[in-house]
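Enquirer: Got a structure for you, written out below as structure tokens; questions coming shortly.
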Amino acid sequence: ALLLAGHDKRVDAIAPRITYWDLEQALFPGGVYKKQWAGILFTMGGGCARFEPAVCEMYTRIAQGGALTDADRALLAARSPATVGADIRVPTYLAQGELDSLFPLEHADAAARRIAANGAPVAVDWIAGGHDAGSAEGAPLERLVRAALLLLWRRYRDLLELRLWREVLRRASLT
């Protein structure tokens, strides 16, 4: 959702959950390779056949003991929402798992700060669960996400309408 909102102006609101902001930081925090998490992502994701060849080559090389290169960093950055963060300007609701060593809370916090700096309304909830614990919340969490996003969108829409009417009145007073 974050990447899409940064690339496609037709997106009018997003609600990513337990998501990443920076893939290099997620998979190589402090330069340390999260080999187990990367392996899980690739095997659960269908193996190399389901990934871009360049991503597969990088994973295979690094999993066999290779080092992260500048080209790898660029590849990860191009697939990270942080790279398009300046272009995300829609109401955003982020729900991030408290028990998540793959995409920790810092990812949602960084996303929230950047998107809010663009002037978009942002709400963040830290929820039970995450990649390390699953989610014990199920349907109640789905209802919370929908309700929060709807509330955020309504506030944003009302603010836009208010700005529009102020501009109409300002222009009317100039004529």
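Enquirer: From the list Arg143, Arg113, Arg154, pick out the single residue that is at pLDDT below 85 and under 25 Å from Asp8 (Cβ atoms).
Expert: Arg154
Enquirer: Still on this structure, please answer the following. Within region 37-53, how many residues are open to solvent by less than 50 Å² (accessible area, probe 1.4 Å) and without any contact (Cβ under 8 Å) to a residue 60 or more places away in the chain?
Expert: 6
Enquirer: Does Asp109 satisfy being within 19 Å of Asp22 (Cβ to Cβ) and in a loop (DSSP other than H, G, I, E, B)?
Expert: no
Enquirer: Which members of region 63-81 meet the condition of being assigned to a helix (DSSP H, G or I) and in contact with a helix residue (DSSP H, G or I) (Cβ under 7 Å, 6 or more places away or on another chain)?
Expert: Ala63, Asp72, Arg73, Leu75, Leu76, Ala77, Pro81
Enquirer: Since Met58 meets every condition but one in (1) in a loop (DSSP other than H, G, I, E, B); (2) more than 20 Å from Ala108 (Cα to Cα), which condition does it not meet?
Expert: (1)
Enquirer: Here is a further query. Taking only pairs six or more apart or across chains, which ones have beta-carbon atoms under 8 Å, a first residue in region 10-33 that is without any contact (Cβ under 8 Å) to a residue 40 or more places away in the chain, and a second residue that is open to solvent by 30 Å² or more (accessible area, probe 1.4 Å) and not in a helix (DSSP H, G or I)?
Expert: Note: pairs meeting the criteria are Gly31/Leu68; Tyr33/Leu68.
Enquirer: Out of all the residues in region 11-29, which are at pLDDT below 90 and surrounded by fewer than 16 Cβ atoms within 10 Å (Cβ to Cβ)?
Expert: Asp12
Enquirer: Can you tell me which residue is farthest from Thr92 (Cα to Cα) among those in region 1-10 that are outside any loop (DSSP other than H, G, I, E, B) and either open to solvent by 70 Å² or more (accessible area, probe 1.4 Å) or touching a helix residue (DSSP H, G or I) at 6+ places or on another chain (Cβ under 6 Å) (or both)?
Expert: Taking region 1-10 and keeping what is outside any loop (DSSP other than H, G, I, E, B), we get 2-7.
When the remaining residues are screened for being either open to solvent by 70 Å² or more (accessible area, probe 1.4 Å) or touching a helix residue (DSSP H, G or I) at 6+ places or on another chain (Cβ under 6 Å) (or both), the result is 2-4, 6-7.
On the way: Leu2: 9, Leu3: 12, Leu4: 12, Gly6: 12, His7: 15 Å.
Among those residues, the one meeting the criterion is His7.
Enquirer: Between residues in region 100-115 that are under 18 Å from Arg89 (Cα atoms) and residues that are open to solvent by 30 Å² or more (accessible area, probe 1.4 Å), which pairs lie under 6 Å by C-beta distance while being six or more apart or on different chains?
Expert: His107/Tyr20; Ala108/Val124; Ala112/Val122; Ala112/Val124; Ile115/Val122
Enquirer: Quick one: would you say Ala95 is surrounded by 15 or more Cβ atoms within 10 Å (Cβ to Cβ), touching a helix residue (DSSP H, G or I) at 6+ places or on another chain (Cβ under 7 Å) and outside any helix (DSSP H, G or I)?
Expert: So Ala95 fits the description; yes.
Enquirer: I want to confirm something. Restricting to region 54-80 and keeping residues that are open to solvent by less than 40 Å² (accessible area, probe 1.4 Å) and β-branched (Val, Ile, Thr), which single residue is farthest from the chain's Cα centre (by Cα)?
Expert: Looking at residues that are open to solvent by less than 40 Å² (accessible area, probe 1.4 Å) and β-branched (Val, Ile, Thr), I get Ile62.
The values are calculated or read from the model by the stated rules, or taken from the named source; none is laboratory data. Source: prediction; values computed, not measured. Cβ atoms come from the backbone with ideal geometry, glycine included; neighbour counts cover every protein chain shown. Just so you know, the surface numbers come from the protein's heavy atoms only, side chains and all, with ligands and any DNA or RNA stripped out. Shrake-Rupley method; radii C 1.70, N 1.55, O 1.52, S 1.80 Å.
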